[in-house]
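Engineer: Handing you a structure now.
The values are calculated or read from the model by the stated rules, or taken from the named source; none is laboratory data. Quick caveat: nothing in here was measured; it's all calculated off a predicted structure. Quick reminder, even Gly has a Cβ in these numbers, built from the backbone with ideal geometry, and neighbours come from all protein chains shown.
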Amino acid sequence: MKKQLLHPDYVIVGCGVSGLYCALNLPKDSDILMLSKDAFDHSDSFLAQGGICVLWNEDDFDDYFEDTMKAGHYENNRESVKIMINSSKELINDLVTYGVDFHKDENGEFVFTKEGGHSKKRILFHEDITGEEITSHLLEAAKQRENITMMEYTTMYDLMVANGRCIGIKAHSKKDELYDINAKYTILATGGIGGLYRHSTNFPILTGDSINLAKRYGIETEHLDYVQIHPTTLFSTKPGRRFLISESVRGEGAILLNKDGERFCNELLPRDIVTKAIKEQMKDDHMEYVMLDMSPIPKETILNHFPHIYEYCLENGYDVTKQPIPVVPAQHYFMGGIKVNTNSHTSMPGLYAVGETACNGVHGKNRLASNSLLESMVFAKRAALDIIAKEGKQ
Ligand SMILES: Cc1cc2nc3c(=O)[nH]c(=O)nc-3n(C[C@H](O)[C@H](O)[C@H](O)COP(=O)(O)OP(=O)(O)OC[C@H]3O[C@@H](n4cnc5c(N)ncnc54)[C@H](O)[C@@H]3O)c2cc1C
């Protein structure tokens with residue numbers, strides 16, 4: 001089979017928010033190649049519902065920091081958390097320049113919502129499809145950049161390494177065309193590991209491919225056992241991806257009920273604690289699910305803030321404005337990953353990792369809701385700036 005040799009300046013594996021935002025922050029006169037294992041819009045970034053955190057008022061810093069640390073069981077890297085929080089406002093303003101629309105009130109001011117583990121409202125959202133709103137704008141911007149080439153249905157299967165340095169990757173297309181892609185810097189942005197699980201909210205194509213390669217090449221990894229289970233996905237017996245019922249539904253007032261219709265936990269505790277409470281309740285009730293009751297939320301809020309959750313549940317036979325829905329915990333997020341420094345550099349020269357694939361320690365043992373889109377983009381930009389700084393020195 002004929003192999004094609006490609007020589008971009010930089011190769012970015014993955015077209016979710018982390019890969020896209022990294023590409024958009026690299027120089028416009030550099031030659032960038034981006035790969036996506038599946039269709040461009042089949043990334044978890046498109047699935048994010050609840051929103052994205054921001055430090056909008058400086059006086060929220062201490063509380064936001066504490067909430068992130070507490071959710072992470074204080075195992076978080078404090079330096080990474082500070083960087084993320086302090087970079088958040090600039091990132092949001094930048095997203096707005098890309099055309100991203102966050103929900104505003106009648107005076108044109110941002111409206112903030114809350115999710116589990118947050119002591120205050122500090123999450124921006126676009127209906128219940130915040131990820132799609134952000135990622136589709138970044139994707140469009142990347143497609144319009146003449147210096148960015150994007151290949152769909154193209155899978156990285158190996159790294160190219162010479163004298164201990166990463167000099168690119170090997171990939172194959174769906175038609176089994178082979179590519180050796182030689183680049184000055186390689187950025188891994190391949191997302192999470194949900195595809196390895198039977199019940200997950202992730203796209204099944206996300207199988208931790210970069211982690212696998214990191215293990216093969218002795219690249220440092222961290223906390224590979226730190227996997228977040230989301231407490232509330234719509235219960236289904238069908239195979240495939242589980243549909244998430246965003247935590248902001250509970251942030252807006254929805255309650256969890258056992259088989260007798262009684263509340264059994266504080267719905268706004270961090271995800272790992274709510275998940276534990278649900279699993280114990282399922283065991284006590286001898287049930288495969290518990291119920292989530294959205295009726296405390298005004299109907300208008302349900303229809304305006306959560307229209308896609310409303311529609312999806314309706315299609316599956318539940319009118320959430322009238323009846324509780326069965327929910328069950330499922331694999332959702334990977335806190336561990338390829339160990340990186342605060343500039344997203346791995347232990348292998350020439351190789352960066354960003355987004356869910358990387359572990360810079362922001363999330364500690366358990367991610368605080370709506371911190372991952374933010375973390376993915378903040379540290380993807382830092383990778384780009386680090387590359388620019390290194391190139392300047394050469
Ligand atoms: C249902 C759901 C709801 C969520 N809600 C929120 C939320 O409200 N707020 C929040 O902050 N976070 C949320 N998250 C988490 C957040 O969406 C993800 O952590 C984040 O989008 C990850 O971005 P990423 O760029 O790292 O990876 P992804 O967006 O998953 O992109 C991974 C990319 O890598 C590509 N890829 C993978 N392997 C290969 C390979 N071998 N070769 C080539 N390409 C490859 C894929 O094709 C894809 O393009 C949610 C996640 C899910 C699943």
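For every residue, the table says whether it meets (1) more than 16 Å from the ligand (Cβ to nearest atom); (2) crowded, with 24+ Cβ neighbours inside 10 Å; (3) assigned to a loop (DSSP other than H, G, I, E, B).
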{"site": "Glu311", "(1), (2), (3)": "no, no, no"}
{"site": "Asp319", "(1), (2), (3)": "yes, no, yes"}
{"site": "Ser376", "(1), (2), (3)": "no, yes, no"}
{"site": "Phe379", "(1), (2), (3)": "no, yes, no"}
{"site": "Ala383", "(1), (2), (3)": "no, yes, no"}
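Engineer: Going through the range 1-57 one residue at a time, which ones are under 27 Å from Phe306 (Cα atoms) and assigned to a strand (DSSP E or B)? Let's see the steps before the verdict.
Structural biologist: Going through the range 1-57, the residues under 27 Å from Phe306 (Cα atoms) turn out to be 15-18, 20-21, 39-57.
Once the filter is applied, which keeps residues that are under 27 Å from Phe306 (Cα atoms) and assigned to a strand (DSSP E or B), the range 1-57 yields Ile52, Cys53.
Engineer: Okay, moving on. Quick check on this structure: which one of Gly99, Gly131 is modelled with pLDDT of 95 or more and within 11 Å of the ligand (Cβ to nearest atom)?
Structural biologist: Just one listed residue meets the conditions, Gly131.
Engineer: OK, next. Only one residue in Ile205, Ile219 is within 11 Å of the ligand (Cβ to nearest atom) and part of a loop (DSSP other than H, G, I, E, B), so which one is that?
Structural biologist: Values: Ile219 fails: within 11 Å of the ligand (Cβ to nearest atom).
It is Ile205.
Engineer: Identify, from the list Leu224, Leu234, the residue that is within 15 Å of the ligand (Cβ to nearest atom) and at pLDDT 95 or above.
Structural biologist: Leu234
Engineer: Please tell me if Asp180 is more than 13 Å from the ligand (Cβ to nearest atom) and either in contact with a His (Cβ under 6 Å, 6 or more places away or on another chain) or touching a residue at least 24 places away in the same chain (Cβ under 8 Å) (or both).
Structural biologist: Taking the combined requirement at face value, the residue satisfies it.
Engineer: Ok, one more. Out of curiosity, is Pro307 in the same structural domain as Asn266 (by TED's automatic domain parsing) and within 16 Å of the ligand (Cβ to nearest atom)?
Structural biologist: Details: in the same structural domain as Asn266 (by TED's automatic domain parsing): yes; within 16 Å of the ligand (Cβ to nearest atom): yes.
It is true that Pro307 is in the same structural domain as Asn266 (by TED's automatic domain parsing) and within 16 Å of the ligand (Cβ to nearest atom).
Engineer: Okay, moving on. How many residues does the range 186-200 hold that are of a type outside the set (Phe, Trp, Tyr) and either assigned to a strand (DSSP E or B) or surrounded by fewer than 24 Cβ atoms within 10 Å (Cβ to Cβ) (or both)?
Structural biologist: Residues that pass the stated criteria total 8.
Engineer: Just the residues that are surrounded by 13 or more Cβ atoms within 10 Å (Cβ to Cβ) and either part of a helix (DSSP H, G or I) or among the acidic types (Asp, Glu) (or both), please, taken from the range 281-300.
Structural biologist: Residues of the range 281-300 surrounded by 13 or more Cβ atoms within 10 Å (Cβ to Cβ): 281-282, 285, 287, 289-295, 297-299.
Gln281, Met282, Asp285, Asp293, Lys299, listed by residue number.
Engineer: Can you tell which of Asp67, Asp44 is under 30 Å from Leu6 (Cβ atoms), in contact with a Gly (Cβ under 7 Å, 6 or more places away or on another chain), charged (D, E, K, R) and in the same structural domain as Asn147 (by TED's automatic domain parsing)?
Structural biologist: Exactly one residue qualifies, and that residue is Asp44.
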